[in-house]
Amino acid sequence: MVPPRGLALLILLSLVTASASAAATSLDRPAWTPGDFWTYRTNTTIIPGLALTGTATSTVAGTLPVDSGGATVDAVRVILSGSGTADGTVTTHSGPISVHGDWILTGEERLEPVNLHPLYDLLDLSVNGTYGGLLPFSLRFQNTTTYRVVSDAWPYPMVVGTSGNVTLAYNFTQDLHSSILGDYHQNGTGVSVFEYSLADAASVVTPAGTFEAYPLREDAPDGTWQRLYFSPAVGNDVRMETYDGDGNLTAVSSLVAYRYQAAEPPTFLGLTLLGWALVAPAVAVVAVALVILRRRARRRKATPLPDGNEAGDATSGPRGP
């Protein structure tokens, strides 16, 4: 039997635990606005031995009606763009060959409007350069994938310390054109389950600054996984890491620049409240000066001339000597 005091202590501890659970940190869906953008410095291994470095930008472009499971939804449209350099050594039938060139990325995402799960992806990556230091080299990768959300056990708000999953049915087609590796085509359909878990906030240093961000882990069915550091202040990830099935880091992206209008201070006539606070004294001085000048002008008009006529009397001629 628990003594009365011990019972009271247990009740108190249970209440504290319940309060702590109720107060667990949750992350709401970011409030994206057309014109918001995020630019990242990237380092990605596209094929074994070939690394792409440069910058990539995601820009919110508004909404677009999309069919999702037989219903039309206003999907969030995000435009992708990027460019940089390609360097490395790739293995061919003739042995290892050094590659150097440039890459350009274009693409588009359409996201489900409530929880931002993917409904459509389009990626087009081109790499052009030389291999062996002399011969021209080209590579182009194109992928188009449509998705349907089968089940969603990872909606917003995301709660720290919890996990969930999302099941997506997909239909994809992709092509690889390479002057070294040849041409490959794939297409298919399937169903994939992605697992998610959210950890406590950490301080993340990026070229755009230091942010408090929450590590979100996403595990794909093929064994690869990502760690995405989401910052509510930025409205998106500030750092993204991709790992293969063996735990090797294959891609890193860090935030370089961004605009997230929902986190910007409110404005009036193009100025923030702080801006108006700084400008207001100067505006007041100018206003007072204008009032004084106008009063003086009125007094000059009302002052009589020495011959008794008022200033501005058109009948008054010049005075004689």
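Any read-out appearing in this document is the output of simple, stated calculations on the displayed coordinates, not a laboratory observation. It should be emphasised that the depicted structure is a prediction, and the values quoted were computed from it without experimental measurement. Glycine gets a Cβ as well: all are built from the backbone with ideal geometry, and neighbour counts include every protein chain shown.
Computed extension gain for Thr189 through Thr89, at 0.36 nm per residue and net of the alpha carbon distance, reaches 32.7 nm.
For the range 94-109, the residues whose amide N sits under 19 Å from a probe point set 7 Å from the Cα of Ala220 along the beta carbon direction are 105-109. Annotation for Ser179 and Thr130: the two label points, set 7 Å from Cα along the Cα-Cβ direction, are 1.1 nm apart. All other residues whose Cβ lies under 10 angstrom from that of Arg140 are scored, Lys and Arg at +1 and Asp and Glu at -1, for a net of -3.
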